[in-house]
Amino acid sequence: MDIRDLVRLRKAKDRMDREFDRPLDVPALARSAAMSTGHFSRSFKAAFGESPYSYLMTRRIERAKALLRRGGMSVTDTCFAVGCTSLGSFSSRFTELVGESPSAYRARSHSAAGVIPDHVIKVRTKPIRNEEASAPHHP
């Protein structure tokens, strides 16, 4: 892969990290990287190990988990706050990555997390994709 492609892919990834709550889609991200949608998707997956859509949704679910842990927001409000436009898709993806529905996650006590720094919580509660969950873990 060309170094210029890697730079453009990294910029698109950084944009997803910053703007996860905005309306982003793969064709728009591809245009901003000066690539066709297909080339962008294939190159992104080759560079980062997952599709751009999957990466973006993982960022959104991470943020949703933080909002739901804090309380005070409904699942619907959380869905829209993280940039998702479909409550059904959000709930399905959340359940797939977290292992429980957003409502169940929100209802569960998160009081122990109150004494743990946010950056540690983010690492320890990072959503995982199904293929990561089934892969053997080595200490």
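The values are calculated or read from the model by the stated rules, or taken from the named source; none is laboratory data. Quick caveat: nothing in here was measured; it's all calculated off a predicted structure. Neighbour counts are summed over all protein chains in view; Cβ atoms, including those assigned to glycine, are modelled from backbone coordinates with ideal geometry. Note: areas computed on protein heavy atoms with side chains; ligands, DNA, RNA excluded. Shrake-Rupley method; radii C 1.70, N 1.55, O 1.52, S 1.80 Å.
Overview of values
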quantity: Looking only at the range 75-92, and only at residues there that are open to solvent by 50 Å² or more (accessible area, probe 1.4 Å) and β-branched (Val, Ile, Thr), the one that is farthest from residue 26 (Cα to Cα); calculated: 76
quantity: Residue check, residue 87 more than 17 Å from residue 14 (Cβ to Cβ) and in contact with an Asp or Glu (Cβ under 9 Å, 6 or more places away or on another chain); calculated: no
quantity: Some residue of the range 107-123 being at pLDDT 90 or above and part of a helix (DSSP H, G or I); calculated: yes
quantity: Candidate set: the range 1-26, residues that are closer than 21 Å to residue 82 by Cβ and part of a helix (DSSP H, G or I); chosen: the one most open to solvent (accessible area, probe 1.4 Å); calculated: 18
quantity: Of all residues in the range 35-84 being in contact (Cβ under 8 Å) with a residue 24 or more places away in the chain, of a type outside the set (Gly, Ala, Ser) and outside any helix (DSSP H, G or I), the one that is nearest to residue 8 (Cα to Cα); calculated: 35
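Each row is one residue, and each column tells you yes or no for (1) under 16 Å from residue 106 (Cα atoms); (2) in contact with a His (Cβ under 8 Å, 6 or more places away or on another chain); (3) surrounded by fewer than 20 Cβ atoms within 10 Å (Cβ to Cβ).
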| position | (1), (2), (3) |
| --- | --- |
| 28 | no, no, yes |
| 35 | no, no, yes |
| 43 | no, no, no |
| 46 | no, no, yes |
| 49 | no, no, yes |
| 58 | no, no, yes |
| 73 | yes, no, yes |
